[in-house]
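What follows is a short report on a single structure.
What follows draws every value from the coordinates through simple rules; no lab data is involved. Just so it is clear, the model here is predicted, and its values are computed rather than measured. Every residue, glycine among them, receives a Cβ derived from its backbone with ideal geometry; neighbour counts consider all protein chains shown.
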Amino acid sequence: MAPRDAQDLMAYPFFSLAKSRRITPIQFEAGSVRILVEGVSEHGIATIWDADVLIWAASQLVAARDLGLPTSRLMRATPHEMLSFVGRGRSVRDYQRLKAALDRLQSTTVATTLRQGLAQRMHRFSWVNEWKEIVRADGQPAGVELVLPDWFYHGVLTESLVLSIDPRYFRLTGGIERWLYRLVRKHGGRQRAGWRFDLPYLYAKSGSQARFTDFAGDVRRLAQRQALPGYRLQIARVGAMEWLMFQRAPWASDE
């Protein structure tokens, strides 16, 4: 099953890029688009690694729809199924991390004007409305059950706002490189001519708490390493402005 990501989540700063707990809200505004993401002190804002759960969910929903199967915002799976799909281990520690991710997704609140039609109308939700562990009669764990928000479910199925992503995405370990791959996949797509963003705008789109100079340094190093699967990166300077240019690698196969 090809992993699929929600395009809105790829294009805007909805997740913390840090592995440490982030409490400071993420705020972004561009034109009619406004986004506010807030977390609680106990768990912090959901991270870009936690978003793997939503990639798993989008992939399952699209696959079921394409097979003509009924879909629902209520989803059930074993931790083994979820962890295997996103390339994680299946140890007790990995299961504990999955539960922590679900806690952050449930306690993180999002308010956005995206897909609301009117610039001033906000939709508020959590990435997971609720979740619970399923236990058999003998007390043994049987899986997890979660309820997705309508905003996410509607975008994935009703508006088909999804893109396939390279399975190698799950091997990316850094927050900025994960975020940058999703942004490049969304805007660069399969266009051979590619796309470009200036670094200050990229910084605003990331929602990163790092200093701009540190963020720019990370992007330059990613371009030097050619760290993103399926894409070529290049830093170019035009006058006083630095730009990140990206395009599909000539050897890349379709995801």
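Here are the numbers:
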| item | result |
| --- | --- |
| Rg/Rh for segment 143-189, where both radii come from Cα atoms and Rh is the Kirkwood radius | 1.05 |
| Debye intensity ratio I(q)/I(0), log10, the chain, q values 0.07, 0.09, 0.13 Å⁻¹ (C-alpha model) | -0.24, -0.40, -0.85 |
| Among Ser16, Ser160, Ser91, residue whose mean-square fluctuation peaks in a GNM of the chain (springs only between Cα atoms under 10 Å) | Ser91 |
| Extended-chain gain in nm, criterion 0.36 nm per residue less alpha-carbon gap, Arg221 and Tyr201 | 5.4 nm |
| Two-site FRET efficiency, Met122 against Arg65, from Cβ-Cβ distance with R₀ of 45 Å, rounded to 0.05 | 0.95 |
| Global size of segment 10-67 as Cα Rg and Dmax, reported in angstrom | 14.0, 42 |
| Arg211 versus Arg90: modelled label distance in nm, points set 7 Å from Cα along the beta carbon direction | 4.6 |
| Set of aspartates and glutamates near Lys19 by C-alpha distance (under 17 Å), chain-local residues within fewer than 8 positions excluded | Glu38, Glu42, Asp50, Asp52, Asp94, Asp103, Glu177, Asp214, Asp218 |
| Table column - 3J(HN,Hα) (Hz), segment 19-25, Karplus curve with 6.51, -1.76, 1.60, x for Gly and Pro | 7, 7, 5, 10, 9, 4, x |
| Fewest-first sequence of Arg196, Arg136 by Cβ atoms within 10 Å of each Cβ | Arg136, Arg196 |
| Low-density loop cleavage sites - chymotrypsin sites (Phe, Trp or Tyr not before Pro) in segment 3-74, where at most 10 other Cβ are within 10 Å (DSSP) | none |
| Inter-part distance where segment 201-235 and segment 123-142 are each reduced to a Cα centre, Å | 36 |
| Residues whose placed amide H lies under 5 Å from that of Tyr231, excluding near-sequence neighbours | Ala249 |
| Fewest-first ranking of Val135, Val184, using other Cβ atoms within 10 Å as the exposure measure | Val135, Val184 |
| Note, ³J(HN,Hα) from phi for segment 227-241, Karplus 6.51, -1.76, 1.60, rounded to Hz, x at Gly and Pro | 7, 9, x, x, 9, 9, 10, 8, 9, 10, 10, 10, x, 8, 9 |
